[in-house]
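Enquirer: Quick one: the structure is below, questions incoming.
The values are calculated or read from the model by the stated rules, or taken from the named source; none is laboratory data. Quick caveat: nothing in here was measured; it's all calculated off a predicted structure. FYI the Cβ positions are ideal-geometry reconstructions off the backbone, even for glycines, and counts take in every protein chain you see.
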């Protein structure tokens, strides 16, 4: 969305619908809150009651979802800066709430595996026995 500058669209309803679908889908997957089936009020209440998001992000999320509701249901037309702000908030929400995978736990087996593949150990004895044959 950001690459194609969709926030500068003549169809803010479509943009806001698409953006909030992405945000609500993320909320469902990340926090197990059924945001796609809830109203904005219900989604905010669920996140607040479960203390899943800090109050600063929760307040901004409510602003973004409410703006989208106005665009979708009240024929309100947010300007390009409001659309861009909503889009940037989507990135902020994900970046500040994503579960970080510990690099050490993933990196160590990978490094050990690479080390074992790159290490050549010369055998102590030849695997093939040499036999003396009688050529008579």
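Enquirer: With respect to the numbered conditions (1) modelled with pLDDT of 95 or more; (2) buried (at least 17 other Cβ atoms within 10 Å of the Cβ); (3) under 17 Å from residue 92 (Cα atoms), which one is the sole condition not fulfilled by residue 46?
Expert: Every listed condition holds for residue 46 apart from (3).
Enquirer: Continuing with the same structure: Filter the range 77-103 for residues that are outside any helix (DSSP H, G or I), free of Cβ contacts under 8 Å to residues at least 12 places away in the same chain and over 23 Å from the mean Cα position of the chain (by Cα) and give the result.
Expert: First pass over the range 77-103, keeping only residues outside any helix (DSSP H, G or I): 77-79, 98-102.
Those left that are additionally free of Cβ contacts under 8 Å to residues at least 12 places away in the same chain: 79, 100-102.
Selection gives 79 alone.
Enquirer: Tell me which residues, restricted to the range 64-76, are surrounded by 12 or more Cβ atoms within 10 Å (Cβ to Cβ) and assigned to a helix (DSSP H, G or I).
Expert: Once the filter is applied, which keeps residues that are surrounded by 12 or more Cβ atoms within 10 Å (Cβ to Cβ) and assigned to a helix (DSSP H, G or I), the range 64-76 yields 64, 65, 66, 67, 68, 69, 70, 71, 72.
Enquirer: Looking at 80, 68, 74, 32, can you tell me which residue is over 22 Å from residue 96 (Cβ atoms) and at pLDDT 90 or above?
Expert: Sole residue among the options that is over 22 Å from residue 96 (Cβ atoms) and at pLDDT 90 or above: 74.
Enquirer: Same structure again: Of 61, 52, which residue is in contact with a helix residue (DSSP H, G or I) (Cβ under 9 Å, 6 or more places away or on another chain), farther than 14 Å from residue 17 by Cα and crowded, with 19+ Cβ neighbours inside 10 Å?
Expert: On inspection, the qualifying residue turns out to be 61.
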